[in-house]
Each structure stands twice: as C-alpha cells, then as structure tokens.
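Below is one structure, written out as structure tokens; comments come after it.
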Amino acid sequence: MSESLSEEFSRLLAGLAELEELIQSSDSSAVIISHCFSLTRHLQACFEQAPAPCMAQAQLIFTSYTDSQNLRLKRMLLALLFSHCHRWHPQSSSGLICAAMTLDVYSWPLNSDTFIRQIKRLDQQVWAHSLIPVSRLLPLRQKAGFYRRFARLSHPQLLLMVVAQVSIAAEKRPASQQWHHSLRRLTKQIPPGCYGMLEPLLPILGLIPPGSIIQRQDNTKAILLSKTRDTYLIKGLQPHSRTFNQYTEQIAVAEPVQPCSALQVENLSLLDTLWDKDWQRLHQEAEASLSAPPARQILSKPPAKLLAIQDLLRQEEPEVDNISAHIAAEGFLARQLKYTASHRSRMNLQMEEVKHALLFQGFERTSSILVQQALLNRLNQQYFPLQQHILQLCVLLGHILEALGERQSRIQNESLVTLGYFFCAGLFISSALKRRVRLPKRGLELFSLDSLFTLPATSSRAQQSMTLARSWQQDRLSLEAIRCHHQLPEDSELSGMSKTLATLLGLSLMICRQIYFADEPEQLVNRQYREQALQYLQLQPQDIRDVIIEVFENSQCYWPLE
C-alpha cells in the first residue's frame, strides 16, 4: 500500500461521512455519483494491494463513526467480497459496490428517481439494474412471500440482495451473535436455489472470518487476523489492559475456538498495530492464503504451457507420448481435446485417453483446438453480466466459419475457428460492455464488428481483437483479415488468402446476426457486401441456407435467460 492501513480506511470512512453530508444537503446527483465512484475505486485499490486486512474490516465496528456509516462500509466490503468470490470483473464489480453503498436511496431527502435516471444516463447499468429492485424489496422483508421473490432476481440483483440481508442481520444481532449466526439465519430463509450465492464465500471467510475476536480453549481471547491454508494468524488480547500482544501467533485451523463480540475500534491506528510487519511476514511465509484474490492470468500473454506444447507439435518428428503428457497435465485443455475428438468421431465414441484424441485429431488441428480453449479460458476468467451472450456469439461465429470453411479449398477449418475466436475477443475486452446488464442496440452494418453494438467510440472492438491476436503471436494473414473484415470485397486493400479470410469473417458475422438476432440485410450496404462476398467466395444463396441449417443442428448455442 502507498499509505498505511489506518490512513487508507481513515480516508474511506471520511469519504463516507462526506457522502452522507452530500445526501443530506440534497446536492446534485452528478456530485454524489462521482463521489461514490471515487470511494469505490479507493476501496478496490486497497483490496488489490492488501486483500486479507481489507477483508477483516467488515467484522469491525468503528466507534468514532455513525451506525449508518459503519453499515455503509460493511455493505461496500461485503459487495466487494462477494464479487471477488464470484470472480467478477472490476468494471462490473464497481457498479455492485456503488449499489450497495446507496441501498437506502429511497429514504434520501433528494429525489431518488432523479438520482437513478442520472445513473442510467451515465450508462451504469449494473448499478441501476441492481439497485432499483433490491432497494424496493428490502422494506418488504417482513412480509409473507418476500423470499419467493428472489427467484425473479437476476444474478447481480440476487448478489446485492444477499449482501443487504447479511448486513441487516449483522446490524440487528446482539453483540454475542456473530457471522455464523447471520449465515445460519439467512440460509434458513432464502430459497435453496440461492445457496450458490453463499457457497464461494465459505472457503474464504468460513464461519469465523478474519477480524473476529475469538476465545481459545484456555479462555484467553485473541483477534483472528487472517487465514492461511492450515493455520490462523492471531494476536492475543491482554484481559486487563485490553491491548493486543505485539507478536503474531500461528495456531492450527483444527484448534477449537469460539467467536466473541465484535471488536470496537476507537482509534484507527490500532489497525496498523494489528496488521503489522510481523503479521505480514508470517502471512507471506505461510502457504498460499485462501484470502488472496483468485489468480488472474494476464490476458495479453498466452500461457507458457501452451507455447511449449505448440513447440513440441511443430517438431519434425513429434513425440506423441511426451506431448500427451504435457496436455494431460493441463486439465481443461485435456478435457476439451477429448471432448472435441469424441464429438467428431463418426459414432460419437467417448475418448478417454489424451493420446487417442491427439492421434485422432492430428497435430495441426490439435494445436488450433488448444489455442481456442486457452483463449476462451483467459477471456472468461472474470464474470460480467453479458458474458454468456458474448460467449454464445463467439462460439456461434466459430461454427459458422467452420461450415463456410468446408466449402472452401486450402483452408484448415480449425485454424478458421481460431481466427473467429480472436475476432470476437474485442467484445470480451470492451469495458463498455462490462458495465451493462442488457445487450446494447445494434448497428446497421451487419458485417462490421464495431457496428455489432452501438457503444461509446472510446475504442474499436476490432482494434482490441487485433492487438490481442498480435500478442498471442497469430500470423500476419489473420491480423490483416481482422483489420479489413469490414471492407467491401471489391474495395478491399487485401488480396489472396488474407482477403478470403477477411471476407469469411464479414460474411460469418452477417449470418451470426441473422441467427442470433434475426437481423436481415435490408440496407443497401449489407446487400452489397453479401453479394460481393458470395461472388468472391464462389458461393450460392443455397449454400448460406445450408450453413444456417448445419449450425442450428451442430452448434448447441442458446440465448441465455436474463
């Protein structure tokens, strides 16, 4: 951290106090929204640098601040923890944190409808979409049928509702009842289908989360600072002076402990005393901490293991056993290779051995399949609300390219599918799509990736796709095809194979939109592109109809439910 833990949380709590002053003074909605985003960015930055101490602050009570400020901080921290456990993208997570911070919007002196309209105008859909139903339902929580309404909530709304329920239970419980009582009460009330909201949280926080005061078997008390894989890191509490020991202890997770009342913090400098250098050293020396964020792989760098496997596949005399062992060591790559080989076999026979699947697919096709799966794995490592829509579009486009490739000579189908996945990568990367919960309006040019959705012109999706493809060492023809896919074939600056690939991308996108959105090429420019593409690729309209039928039969793509 650039500042100490006490300084970071002092700024955060002071910011929450300022937020409440802005709300009570009925300041402009734009000022309040800007302040909420500033607090959220601050909290996210703190958590990224020191997740374990930040996680523990949700269990503390800061007596120098009001109950409403403590509740607002707890909701922010819980929203961050829940989104972290569910592997949300930071752009999407910020909307959820802001919604948690403003859950009491309908009790504000200013016009709440004006505030929400301003959020919508700023295109903060995760914030608005989550806030409106949850803040309206919360006052009805004592009425019959309240929990049955959970079934109608989307994933972001349900996550925010659980955050609200946990924080309300925490606010009203007696001092002797702690986190596990809140969870127990909540699990008895919510529908079983909502248990998935809580499940990822338990391995990280458990029933006694960091920040809790615990009582050991010898009746001494301590504060639980953090968890590692096998141990708790604690600092003992002196019973007479009510101060904590200077040294950090390690105790086994199996040691029986009992949670006690929440720690009341009068002076924020206590945070630096508890989570000091001694704790930091032990925490870093211990095995991988369960409180650390899920490992996020760098998107711009292909997996080193993938590059090693590709080098083995390109050898003049590849060693099948060695390659099979390398692929088998990468679980998700091995599973996908066996699934694809089984799906392609004439009798759909299940292939259990990686070696069998490798020999069935061949080295070149195997290399393409591994790249595809590694790319999709990287692109989907963090959640955002439109993720499934974008994934289905990407897979659908790959099937269309494969079907069109079968009608072309000199093109390896799997490499064409790989090109299609890199072509769609810009949609996964787009920050504007991360903030949305509903698909934006679509543009008129059906063959252009940048016209697929009407988004702020901050960056080109095609340019982002090309940048990622270049960093993953894709060939020059693929890069040129992505760059020029939107050019009419007769006006294209490309020639030869790169022009063929670019035309296949544009035509496939048109067919993809026709299947997924029922978009028809009614505009003149779309009809021109389609006619020129068919002529250049030597295809007939019947070929396109056949491709659509094949894709419907084989793709298994679907429209995700809201």
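The values are calculated or read from the model by the stated rules, or taken from the named source; none is laboratory data. Nothing here was measured: the structure is a model prediction, and the numbers come from that model. Quick reminder, even Gly has a Cβ in these numbers, built from the backbone with ideal geometry, and neighbours come from all protein chains shown. Heavy atoms of the whole protein, side chains included, go into the accessibility calculation; ligands, DNA and RNA do not. Shrake-Rupley method; radii C 1.70, N 1.55, O 1.52, S 1.80 Å.
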- In the range 506-517, is there at least one residue being at positive phi and either touching a Lys or Arg at 6+ places or on another chain (Cβ under 6 Å) or not in a loop (DSSP other than H, G, I, E, B) (or both)? no
- From the list A58, A14, which one is outside any strand (DSSP E or B), farther than 29 Å from R121 by Cα and of a type in the set (G, A, S)? A58
- Query: Quick one: K172 ticks every box in (1) closer than 30 Å to L263 by Cβ; (2) at pLDDT 80 or above bar one, so which box is it?
  - Reply: (2)
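Within the range 548-561, is even one residue exposed (fewer than 14 other Cβ atoms within 10 Å of the Cβ) and touching a helix residue (DSSP H, G or I) at 6+ places or on another chain (Cβ under 6 Å)? Explain how you work it out, then say what you get.
Going through the range 548-561, the residues exposed (fewer than 14 other Cβ atoms within 10 Å of the Cβ) turn out to be 549, 552-554, 556, 558-561.
Subset that is touching a helix residue (DSSP H, G or I) at 6+ places or on another chain (Cβ under 6 Å): 560.
Looking through the range 548-561, at least one residue is exposed (fewer than 14 other Cβ atoms within 10 Å of the Cβ) and touching a helix residue (DSSP H, G or I) at 6+ places or on another chain (Cβ under 6 Å).
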- Only one of these is open to solvent by 30 Å² or more (accessible area, probe 1.4 Å), within 18 Å of Q408 (Cβ to Cβ) and either β-branched (V, I, T) or assigned to a helix (DSSP H, G or I) (or both): Q528, Q542. Name it. Q542
- Query: Hey, any hits in the range 392-403 for a residue that's in a loop (DSSP other than H, G, I, E, B) and under 30 Å from G496 (Cβ atoms)?
  - Reply: no
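Residue-wise test of (1) open to solvent by 30 Å² or more (accessible area, probe 1.4 Å); (2) within 21 Å of the chain's Cα centre (by Cα).
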position	(1), (2)
G15	no, no
T40	no, yes
S64	yes, no
L81	no, yes
L103	no, no
- Note on the structure: Considering only helices (runs of 4 or more DSSP H) wholly within the range 120-237, the ones with at least 1 residues that are open to solvent by 20 Å² or more (accessible area, probe 1.4 Å) and closer than 28 Å to T66 by Cβ are 125-137, 155-172, 179-189
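Considering each of L494, L446, L501 in turn, give the residue that is assigned to a loop (DSSP other than H, G, I, E, B) and buried (at least 21 other Cβ atoms within 10 Å of the Cβ).
L446
Every residue, every condition in (1) surrounded by 24 or more Cβ atoms within 10 Å (Cβ to Cβ); (2) without any contact (Cβ under 8 Å) to a residue 40 or more places away in the chain; (3) assigned to a loop (DSSP other than H, G, I, E, B), yes or no:
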{"residue": "E352", "(1), (2), (3)": "no, yes, yes"}
{"residue": "L376", "(1), (2), (3)": "no, no, no"}
{"residue": "I411", "(1), (2), (3)": "no, no, yes"}
{"residue": "L439", "(1), (2), (3)": "no, no, yes"}
{"residue": "D450", "(1), (2), (3)": "no, yes, no"}
- Message: Looking for something touching a helix residue (DSSP H, G or I) at 6+ places or on another chain (Cβ under 9 Å), open to solvent by 20 Å² or more (accessible area, probe 1.4 Å) and within 30 Å of L137 (Cβ to Cβ) - is there at least one such residue anywhere in the range 261-275?
- Response: yes
- When only residues in the range 452-471 that are outside any helix (DSSP H, G or I) and open to solvent by less than 10 Å² (accessible area, probe 1.4 Å) count, which is nearest to Q523 (Cα to Cα)? L452
- Query: Mind checking which residues of the range 95-119 are in a helix (DSSP H, G or I), under 20 Å from L39 (Cα atoms) and touching a residue at least 60 places away in the same chain (Cβ under 8 Å)?
  - Reply: G95, L96, C98, A99, A100, M101, F115, Q118, I119
- Run down A50, A14, A30, A58 and say which single residue is free of Cβ contacts under 8 Å to residues at least 12 places away in the same chain and out of contact with any Ser or Thr (no Cβ under 8 Å at 6 or more places or on another chain). A14
